[in-house]
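Nothing in this text is a laboratory measurement; each read-out follows from the coordinates by a stated rule. Since this is a predicted model, take the numbers as computed values, not measurements. All Cβ positions, even for glycine, are placed from backbone atoms using ideal geometry, and neighbour counts span all protein chains on display.
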Amino acid sequence: MFHSKITRRRALASLAATSAGGFAALAGSRPSRAGGPEDPRFLIVLCASGGASIIDGPLAIRESEAGVAAPTLNCFPDLIFADLDPSIPFSAIDATLGAVGPIPIPFTTQQAQFVQAHHDDMLVSTLTSTSVNHQVAQARAVTGNGAWRGRTLQEAVANQYGAAFPLPNVHLTTGTAFTERGADSSLPAWAYGEQVADPALWPLALDGSRGTSHPVDADVLATARALRNDVLDAESKFNQAFAASDGVRTWTGLRGNSQAAIEQASLIDQLLFVPDAAPYNLGARGLTPSPDAATVRAAFPNYDWDPLHAQAALAFLLIKNRVSVTVTLGPGFDLVLEDGASLGGGGLPEGSMANPPIGFDFSHQGHRSTQGFMWSRIYEVASGLITLLRGEEWDNGQSLWDRTMIYVATDFGRSKNRVANAPEFGTGHDLNNGVLMISPMVNGNTVLGGRNPTTGMTYGFDPGTGAPDTGREMTEEEVYGGVLGVMGVDTGGETDSVPAMEA
Amino acid sequence: VFLDARTPLFALVCAALMLPACRGGGGGGGGSDSDSAGTDSAGTDSAGSDSASASDTNDDDSADETGNDDGPEPPTQAPSARPHVKFKTAQRYASDLSAALSLPRESLCTELDSFDCVEVHRITLGEVDAFGIRLFEPLETTPLTAPIAVDRIGLTACGERAQLDFETPGQATSFAEVAGGDASEDNRDAVVQRLYRQLLLRDPTDREVAMVTAMYDDLPAEGRTRTWAQMACFVIATSTEALFY
């Protein structure tokens with residue numbers, strides 16, 4: 001059994017209320033029980049930067065539900081809702097639009113296909129966050145607002161399961177606070193995120209010689225490194241003077257075992273997903289694409305111009321090849337156009353834009369179209385990852401997907417109102433929202449809490465039973481604890497798990 | 001940076017910290033050659049021109065005293081009381097390497113013959129990319145892959161220099177003494193001396209020369225001289241001293 005049903009933090013808090021000394025004593029006696037790489041679970045944090053509004057995705061509201069509030073509420077015509085089985089508690093909207101905000105590009109939102117295929121693994125938990133500042137909110141989305149000494153979800157999972165993995169925690173996206181280092185400095189160095197700037201070429205940095213224009217035999221490189229590390233550096237005046245500096249100490253620590261472990265795993269052979277063709281020309285430098293390269297390129301065909309597809313391709317390979325236990329990816333804040341796309345003819349060709357400027361936050365300019373476009377993007381990438389992970393056996397008939405969670409992290413929600421009957425409108429930031437988790441390990445096909453169809457506001461639930469509670473809002477700390485509970489991370493009583501989230 | 005043994009501050013730090021290096025009248029001369037200290041002007045380190053102890057100047061062979069036959073003793077240096085050094089980051093390192101090895105920056109190193117190495121690894125090596133990937137500050141944590149990236153750059157740049165020098169020995173800038181095929185110990189010594197001056201802007205100690213020269217014997221026979229040249233350059237170009245300032 002993975003789960004450790006967590007001792008109650010609130011019980012400690014109650015003790016603290018009556019006896020500060022008692023609390024301190026208990027806090028100090030908490031055992032450190034991190035570890036357990038032998039039976040890992042995998043966490044994919046899919047960052048929906050900019051504010052993925054849950055009532056534009058799986059909790060979308062029909063005009064008929066909203067009643068008299070419909071004209072000024074962010075709700076949708078009943079006709080564009082996909083006809084899903086009544087047992088599915090989620091909404092799905094398939095609509096064709098002519099623009100994303102002011103950007104003239106036709107596109108079709110495609111939510112039904114994903115929901116129909118994966119509803120059994122989908123869990124929506126309502127959430128009311130604590131900041132409408134992007135950076136602050138993003139950081140809190142992965143730390144539970146500092147729930148566990150500032151440790152991020154990724155760091156917690158890496159610390160629990162990653163000891164035997166070469167790079168347990170890899171960050172594939174940049175420019176967001178979802179990948180900020182957490183505030184807990186007590187973790188081992190390998191538990192913090194390893195940043196990847198370019199997923200296509202980053203695997204080259206996994207071997208010191210192979211693929212270079214002047215490679216040498218591994219033995220030659222080992223001989224030279226031994227001389228450098230053990231003799232020249234160790235004895236140099238520079239090192240004797242500055243060995244205590246943080247930079248030199250870190251550098252010296254990274255050389256040696258860490259470096260050797262990465263190279264000995266031959267990761268460069270497993271993680272290059274680009275083809276052996278221009279401009280990569282791997283074969284000319286003695287390299288070959290990963291055996292899975294063609295498969296991941298088929299799943300994420302825009303890898304050479306859409307950073308999210310490239311991230312997803314590498315994310316799968318990192319998990320499949322037991323390199324990482326957690327990966328973080330997501331669409332960025334930059335406009336992404338296919339090479340050669342132009343506005344000739346008055347608009348962009350369909351499919352030529354992968355990402356609008358500022359991602360989900362482009363909802364300021366055009367809420368409905370942006371949310372529709374971006375939710376489809378999230379679903380598309382999640383679907384690709386799920387399909388690939390399902391195809392990989394872990395052990396005893398269990399697939400990698402059976403041990404993986406995709407947590408769709410987002411900053412916050414969006415304002416719920418619109419100009420009367422406007423089909424397109426701009427929105428601001430709103431604390432009230434919800435988050436989507438996808439995994440066989442969650443209590444699937446479930447909405448925990450709910451949304452008021454006349455206000456668009458979400459309400460909470462009982463963490464133990466999952467019973468809706470209209471008088472309650474769920475906190476970042478609760479969602480954080482819930483995710484870690486599903487992931488089987490032992491928090492030593494620092495956070496509560498949420499049994500209602502677990503399968 | 002280095003403490004000067006002639007200053008009262010040095011005596012104060014020694015007294016307070018009881019540093020082993022402080023013993024013996026100036027402690028391995030660590031402070032006394034504060035101007036040389038491996039990070040700036042060449043020559044002063046091994047010249048023994050100040051109050052440094054014998055072990056610091058490294059001119060004598062301690063094997064005579066100890067019966068040990070491992071060559072000269074390594075130098076000793078007092079630990080800095082304020083050990084604050086900075087990583088060069090990718091662009092600065094590439095610039096230094098380019099100047100040291102007389103290689104145009106654009107041909108210093110490429111990945112897969114198409115991509116500039118330094119650009120490929122620049123985030124890993126401490127740069128930012130505000131306009132490309134919205135990375136406004138250097139990574140807070142040094143990536144596990146950073147030393148490997150440095151090795152790739154150093155190996156490639158040194159290999160490039162070796163290729164040019166061995167193809168046209170008459171125009172060699174780093175490996176002139178061995179590029180013609182004579183890898184005698186004296187010639188290798190001369191190359192090591194030059195590499196230290198080019199890459200670290202200082203003279204090597206006798207022990208450093210001996211150790212790098214001796215690496216030759218540990219390499220495979222085929223193409224040994226050129227491989228040694230490349231790797232002699234590599235061990236110096238990727239040393240901690242070359243990467244921090």
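Data overview
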{"quantity": "Equivalent ellipsoid semi-axes - Cα gyration tensor, chain A, angstrom", "calculated": "39, 31, 20"}
{"quantity": "Proxy reagent accessibility, fewest Cβ within 10 Å first, across B:Phe131, A:Phe373, A:Phe425", "calculated": "B:Phe131, A:Phe425, A:Phe373"}
{"quantity": "Relative contact order (percent, whole number), segment A:365-503, Cα cutoff 8 Å, 6+ residue spacing", "calculated": "18"}
{"quantity": "Calculated P(r) of segment A:60-130 - Cα pairs past 15 Å, %", "calculated": "65"}
{"quantity": "Per-selection metrics, segment A:305-385 (Cα): Rg and Dmax in Å", "calculated": "14.4, 48"}
{"quantity": "Charged-residue dipole, Cβ positions (Lys, Arg, Asp, Glu), chain A about Cα centre, Debye nearest 20", "calculated": "1120"}
{"quantity": "Modelled label reach - A:Val68, point 7 Å along Cα→Cβ, segment A:452-466 residues with backbone N closer than 19 Å", "calculated": "A:452-457"}
{"quantity": "Solution diffusion estimate, µm²/s, Stokes-Einstein, segment A:199-310, Kirkwood Rh from C-alpha pairs, 4 °C, viscosity 1.567 mPa s", "calculated": "80"}
{"quantity": "Inter-chain shielding of B:106-112 (mean C-beta neighbours from other protein chains, 10 Å cut-off)", "calculated": "4"}
{"quantity": "Relative contact order of chain A, pairs being alpha-carbon contacts under 8 Å that are 6 or more residues apart, as %", "calculated": "29"}
{"quantity": "Cβ-placed point charges (K, R +1; D, E -1), dipole of segment B:74-211 about Cα centre in debye, nearest 20", "calculated": "600"}
{"quantity": "Segment A:Thr252-A:Ala422, extension gain: residue separation times 0.36 nm, minus the distance between their alpha carbons", "calculated": "55.1 nm"}
{"quantity": "Whole-Å semi-axes of segment A:422-491's equivalent ellipsoid (Cα gyration tensor)", "calculated": "25, 14, 12"}
{"quantity": "Segment A:116-238: proportion of alpha-carbon pairs further apart than 25 angstrom, %", "calculated": "51"}
{"quantity": "Where a label projected 7 Å from the Cα of A:Thr455 along Cα→Cβ would reach, residues of segment A:113-131 with amide N under 15 Å", "calculated": "A:127-129"}
{"quantity": "Shape metrics for segment B:186-245, restricted to C-alpha atoms - Rg then Dmax, Å", "calculated": "11.2, 37"}
{"quantity": "Cα principal axis extents for segment B:96-245, largest first, Å", "calculated": "52, 31, 27"}
{"quantity": "Difference of contour (0.36 nm per residue) and Cα-Cα distance, B:Thr173 to B:Thr89", "calculated": "27.7 nm"}
